[in-house]
Each structure stands twice: as C-alpha cells, then as structure tokens.
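One structure below.
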Amino acid sequence: MSTTTITTESGTVLEKGAIGQSIPRKEDRRLVQGQGVFFDDIRRHGTGYVHFVRSPYAHAKIVSIDVSAALALDGVYGTITGDEVAIHTDPFFEMSTPPGANIKDYALAVGKVRFQGEPVAAVCATTRELARDAAELVEVEYEPLPALVDAEEAAKDEVVLHEEAGSNIVWSGVFDWGDVDQALAEADHVVKIKRLHFHRFSSTPLECSGALVEYQKGTGQWTLYCNHQMPGVGAIWMAPALRCGIDKLRFVTQDIGGAFGNKICLHPYYVVLCLLARKLGRPVQWTEWRTDQHTANAHGNERTFLDVEVAVKADGEMTGFKVKAVDDCGAFPRYEPLGCIIWAQVTPGCYGWRNIRVDFTQACTNKAPVSPNRGYSRMQHLWLTERVVDIVAAELGLDPVEVRKRNYVKAEQMPYETPNGCVYDSGDYARSLDIALELIGYDRLDERRKDAAARGKLLGFGIGSTLDSGTNNFGQSQLLNPELQFSGNNEAAMVKLDIFGEVVVTLGTVPQGQGHETTASQVVSDIIGCSPEQVHVRPGHDSFFNSSAGFSGTYASQFAVTGLGAVKGAAELLRDEMIKLAAFVLQAPEEAIELADGFARIKDGPEEAALPFMALGAIVNANNAFLPPDFNPTLNHRYVYRPYFGVVDVEKKMGKLTLTYASQIHACLVEIDPETGQTEIVDYAAVDDCGVRVHPQIVEGQVHGATAHAIGAALHEDFVYDEDGTLLTPNFYDYHVPHTMDMPPLKTGYVESPSPVSPLGAKGMGEGGGGGIHAICSAIQDALRSEGAPIVYDSCNPSHRVWSMLQDAEQTRALVEVTSK
C-alpha cells in the first residue's frame, strides 16, 4: 500500500498505509455467513429461562404479589419479587444531587410501580415459553394512583412519584455565559418562540437486550454473556447494589446487533439475573421481547423548550439567545441527570453565539426511564439551535443558507473556544454546506418547485447542521453534583506478539457493528509494519482480559479517539520493544532497524539481516536463554489512553466537556401532498467531517445509518402516551421504523479536517442523525410557506401533524413574535 503521514497530538508522525483505505472488513465473513456469536447463541446445560412480570399501570401501589400458582407449574425453577431484591441488594447509585440522590431505585419495583412495563417479579423455567406462561399466573394486586405524563406538570410536585425524594425535580440550574440581556437590548430584532418540543423516540436496535448469567458459588463470581455496551459503568452500578467487588462481575460479549445507547442502562435486569442465578444454582437466560423493549427498556430524552428569545442584528448575525428547557427523564434518573449537562458540549451548536442562557429543569414522570440514545442530549439541543436559525430566517425574510454561513463558526477560527469553555478542534461547516447544496442541486430549486406544483405537490428544502462531540469528559457530571468522583475519561487495549509471530489485539471497547476489528488492525499494521491480515483482533469484549478501564465501552462517538488511541499506544510500545530486541539480536543500533512487511530488518542492509516476526516472538516466549538478565522484553503491552481535559469550573459551569467535534451537514427536499399531509423525501444529501477517515467505507455506512435514524425520528417514530401513562406505540405495528422503501436517494460527500488533539487525527463518527431530523423539519416548514407559513415546533412530524398544520397554520404562527427596532 502507498503511504502518507499524519501528525498526532503528541507531534509524532505516523505513516499511513492501511489507515485511510477501505480494506475488506474482518467481521463481515462470519456475520454474513450467520456465524456471529450473540448472547442468545450461548448455551449452557440446565439453563433456566427468565420472563419478567410487568405492571400494566403507570403508577400504582403494589398491594400483594402471589407467585404460588407459577411455582406450582411443572418446569418452573423459581421466582423472585421486589421484596427479595430489597433484602439482598442495595438501591442503585444515583448521579444527581438531593433530592434526586434520595431516590430508591431497585432492580424490581418495591412498594409501587412508576411506569407501565416496570418489572415487579421474574419467573425462571425450563423454556422461554413456559416462563412466559408461568409469569401470567403470578397474581399482583395493584392500587392505581394518578399518573404524571407531562414534565411541566410533574415539576409542580402536586403528585410526587418518589416520596423519599420529596420532589419530582431531579435537577435544576441556570447556565449563563456572556451577557444575554445586553445582547437582547442591543439587537435590531428580537425573535421570541413560545414553545418547541422534541419527542421521545428510540433507536430500536435489531437485537433486543438480554444476557446469559452464570454464578460460581466457590468464588462468588458472576459471568454475564450479554450485550451491554458500556460494561465499565455497568459494573459501577451493579457491584455496590450486589454488595460485591467489581472483579466479581465478568462481562463477556462477542457480537452485538446494534445498541445506540439503549444498552447502557441494563443494570436492573442484569442484577435480577445475577440474583436468580445465585438463588437457583443454575445459569439463567433472558431475552427481551420487542414490546418490552419499547415499553420498558430506555427511550431518548423528551425535551420542551419554552420562552426562547433570540437577539438578531440587522444583517442577520445572531448574538445570543435564552431558553427554558424542561426535560422528561421518566420514572427513574438512572443515567440522568447527565442529560442536563451533556447538551452543553455543543452549547452554541455550529454557530458563533457568545451570549447564552439556559434555564434547565429535569423532572420524573410516569414514563419509561430514558438513557443515552444516538446523540444523547446534544441532539435535542442542536435541534433547538437549528430551529432557531430557520425560524429567525423565515420571520425576518432572510435566506436560511446565508444566515447559516454568516453565523457558522469559521474554519479560520478553529480551534474555537465556545462561551462555556469547550473547544471545537477543527472543521469547515460552510464548506460542508456548499458541498451538500451542490449534491442536492440547490441551483435548480425553483425549477423543482414548479415541477412539484404542476403535480399538485408542495416542495420544500431544508438544512440540518449537527455536531458529534466525541470522547465525553465525565468531569462534566461534577457540574451537576460537585461531590461526584467522576472526571476525565479513559480506554484500554492490549497488543502482543505471540510465539509464532501472531499479532494479537485485545480491545476494551464493545463493538456493535462499527468495524472495530478492522480499524484496529489497520492502526496496528501501520505502526508495526505488517499487513492488516497479519493482525488478529479478538472479537468483542471480555473484562477478564484486563484490557478494559473504568469508562470502557462504546458510546459518545469516541472509539476512533479513545479506542484506537489505546490501540495506537499499545502498538507503539510493542513496536519500540520489537526494535530493541531486533537491534540486540542483529547487533545494530536501534535507529538502523525498521519494521516492514512482517520483518524487523536493518535498513538498506543485506537480505539475511532480517528477522521475521515469528523469530522475535519465539525468542521472547521460548528461546530466551541467551538474553542478558537486565534485558527483559515481553512483547505484550497494555496501554490506557487518557485524554487531557483539565478540571471543570463548577462555579461558572465551564470547561472542556468533550475532546473532538465531528460534524455533519444534511440537506433534503420533500414533497407534501396538501390533501393528506403525506410527506415524501425526494432528494437527500449528507456531508460529514470526522477528521481522518480511518476506513472511508465504514464512515459512509455510519452516515447512511444516521440518516435512516433521522428519517425515522422526523417522520414516524414517536412514543405517545395517553393521560393514564399507557404507551400507545408499544411495538412495530404502531411504531414505524424506516425500512428500505422509506430511504430516499442519498448522496454523500465529505470534508476531512484532521483533529489536532486526537491520536490519529480522527474525531469520532456515527451520531449525525440530529442533522437529518432538522433538515426534514426545515424542509416541511419551507414546503408549507405558501399554505399560511406554519411553524414546525415538533421534532416528529408524521402525516397527521403535517395535515393539522395545513388546516390551521395560525395555531403555530401564534408561537412566534418578532420585535424590531
């Protein structure tokens, strides 16, 4: 392969050979041939299958639970209820400050249920079907209570879900940077938006959650064959609850069929499985049903934005905004209230606002708990900033393209410090937008409008700009709870040269289809001088390999930075030791040794002055008697990559909250049938900038995936509850996930702005759906200009909502007020 060079964050130069090439993916052979190993493929003798008994009520006291009929059924091994859980475990650790810290969150409902689908008991039997039948025999008497399904109402505390907490408010605080009041006073126009609403949805991975759990009585250790995507933090939740050390929990995965954040908050289910495995003395297995996944796993944050005020100059420059945000975290905080601060990683979005005030409140309701969900918390805030830009442009008669270009952070400003101390490392948003416009044929927009009108359709054009902040700084949690001992981030990996010259890589990350095996082999092969085919990357994750760290997992667009950063560090340690060993054996100075083509050899030396990797591996592992006692190479190295963030300023709520910033700019054209409100995407373009593209084809796949998620969230996917807290979209009959026929013609482009702060110049990739959600909302608003110019104030706009806007545009227009001087 031809080589080029890139300069890393440390100033060292890395030869690029495999990096940047779309080599065949290592994972694909086994996956396309049906030879992957998922948790549901693991079989053990005597396994018991678990089914959860779930509440039909959103809010109710548990009067009694009778499991006797279930236990009498032949083939039932046992049951467990909330009372047993309360005896044998402690409540889960909560991140929030009081009153949230007083919430008692157990693995099963104790005393009362707080959302429809909350598990109250579990049954274990010889087969999955029998366990389900037996679960229906468990008799639970409930005393229904009033349900809270609106976070604004919940924040009034007229009904309190967690009595021990004394309030439904999980966290509240004001983030104030710059001088918003002065910006509004000096503005030529002030645009006020009364209300915007971002809906609940989920990324619905193809594979539902689950695990097979074994308990070894002699050592007191559990092994979990599972699909948890963030086992480092999962263990932090589970070990204290189970009253054991973290080393007693072994997390093992190989293949995972998608996760998107949904598989971070699985600890309540896994604790129940651990208790049952210990109680029954047998392996236990649980596979989530799709309706349970919808009803009771984890949703994305629902957020309402109130009383938005935007300061705008006469030329369209936006100098500041303020907003009240009310976030609905569902029945339990769990991973929350991180959602109350994660959005601050992208406080100004892609724009140059210097004056921002966000009054943020998060409250519990009788809905399913939320968890990270593809673009966690940032997606909601970025949607807000994009809605603001388009509404300002529409109300002031400005060109939305020009408004964006005027207000985007400029390429020459990079690295750019935001008002709250985050640093955008690199990027060129205006250039990405130009590419997107060219791809979609923006210069022919008027012609296409006329063509659509001739066919009785309304054509609309929309833009969505988004940032994927990669490599989360957990120190931001101290902005919510200064006493929380979380800060920074880390990831681990191991690389070794084995006895027969095998190069073996062990990851701390937990891949779910992103091609970790392939990209890790590319990095290692470039560093130690061999082909990617010679590098074996162990599939999946096993916490007993000692290759993981406290924050290990795959989340927050960080693998290309932290995961590959750890791989790079371990490979460099191996490379340096291989060179030292070869120099000793060949009796040459180290600077004369090169690693290339699977050999350690003297540069420009004779052919025989070369050692194959097999020779080096054999010397260290078997033929080492001639090595001097003070020279002890191992050719086996573990490296922990720890990005430097510094300490956050708790008082000012400022600091580097994340390390890198990838971007995506989406543009789309929609046609709307004015008779039905049916919306069809007729053209679509997405342009990404993830820094150095380690494997371009994988990046392309991530862009396609992000777009599919965006289309679902913008047009179809919506978790709708009735006033009693009953989920009305509990399965794929009612909750439409995009399929092939829903995908539009998709054109893609890219900008490659290497990050100056990441090990490989890469910035993370994969969560760009936020741009797509807004591009579609923007296009719908544009299409309806001639029909009363309604304001798109919801993130999800299926045909019935579009039809409603067509019928009564004034209802939405009343949400906006413009004051000009």
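The values are calculated or read from the model by the stated rules, or taken from the named source; none is laboratory data. Because the structure is predicted, anything quoted here is derived from the model rather than measured. So basically every Cβ, Gly included, is an ideal-geometry build from the backbone, and we count neighbours across all protein chains shown. The area values use the complete protein model at the heavy-atom level, side chains included, leaving out ligands, DNA and RNA. Shrake-Rupley method; radii C 1.70, N 1.55, O 1.52, S 1.80 Å.
Observations on the model:
- Checked against a 18 Å cut-off, the cross-linked pairs 248/279; 322/410; 410/821; 104/248 give Cα-Cα distances beyond that limit for 322/410; 410/821; 104/248.
- Region 172-245 versus region 630-664: alpha-carbon centroid distance in Å: 20
- About the Cα centre, charge dipole magnitude for region 489-641 (Lys/Arg +1, Asp/Glu -1 at Cβ), debye: 420
- Using a probe of 1.4 angstrom and keeping all protein chains present, the accessible surface of the chain works out to 36 square angstrom per residue.
- Computed helical MRE - 222 nm, the chain, DSSP H runs ≥ 4 contributing -39500 (n - 2.57), nearest 500: -7500 deg cm²/dmol
- One Cα centroid belongs to region 284-346, the other to region 545-614; the line between them spans 43 Å.
- Each Cα pair of region 213-255 feeds into the Kirkwood radius, which the Stokes-Einstein equation turns, at 10 °C and 1.306 mPa s, into a diffusion coefficient of 150 µm²/s.
- FRET efficiency for the residue 676 to residue 723 pair, using the beta carbon distance and R₀ = 30 Å, is estimated at 0.60.
- Of 156/656; 324/652; 313/653; 367/653; 194/457; 405/653, pairs whose Cα-Cα distance is over 23 Å: 156/656; 313/653; 367/653; 194/457; 405/653
- The calculated P(r) of region 703-821, using every Cα pair and 10 Å bins from 0, goes 11, 31, 30, 19, 9, 1 in percent.
- Radius ratio Rg over Rh of the chain, counting only Cα atoms, Kirkwood formula for Rh: 0.99
- 23 Å Cα-Cα reach of residue 26 towards lysines, excluding residues that sit fewer than 8 places from it in its own chain: 16, 496, 568, 763
- Rounded to two decimals, the Cα radius of gyration of region 364-485 over 2.2 N^0.38 Å is 1.40.
- Which of 553, 540, 570, positive extreme of dipole for region 489-641 (C-beta unit charges): 553
- Of the complete DSSP H runs in the chain, those spanning 30 angstrom or more by Cα along the long axis with a mean Kyte-Doolittle score not below 0.0 are 564-586.
- Overall form of region 267-340 per C-alpha gyration tensor (a/c, 1.5; a/b vs b/c): prolate
- Placing +1 on the Cβ of every Lys and Arg and -1 on the Cβ of every Asp and Glu, with nothing else charged, gives region 553-674 a dipole about its Cα centre of roughly 520 debye.
- Overall form of region 233-313 per C-alpha gyration tensor (a/c, 1.5; a/b vs b/c): prolate
- Distance between the 7 Å Cα→Cβ label points at residue 126 and residue 634: 5.0 nm.
- Stretch gain in nm, segment residue 800-residue 219, where the contour uses 0.36 nm per residue and the Cα spacing is subtracted: 203.3 nm
- Cα shape, region 244-375, gyration tensor, a/c 1.5 rule: prolate
- In region 489-641, the alpha-carbon atoms span a convex hull of 115 Å³ per residue.
- Taking a sphere under 9 Å around the Cβ of residue 143 and counting the other residues whose Cβ falls inside, with K and R at +1 and D and E at -1, yields a net charge of +1.
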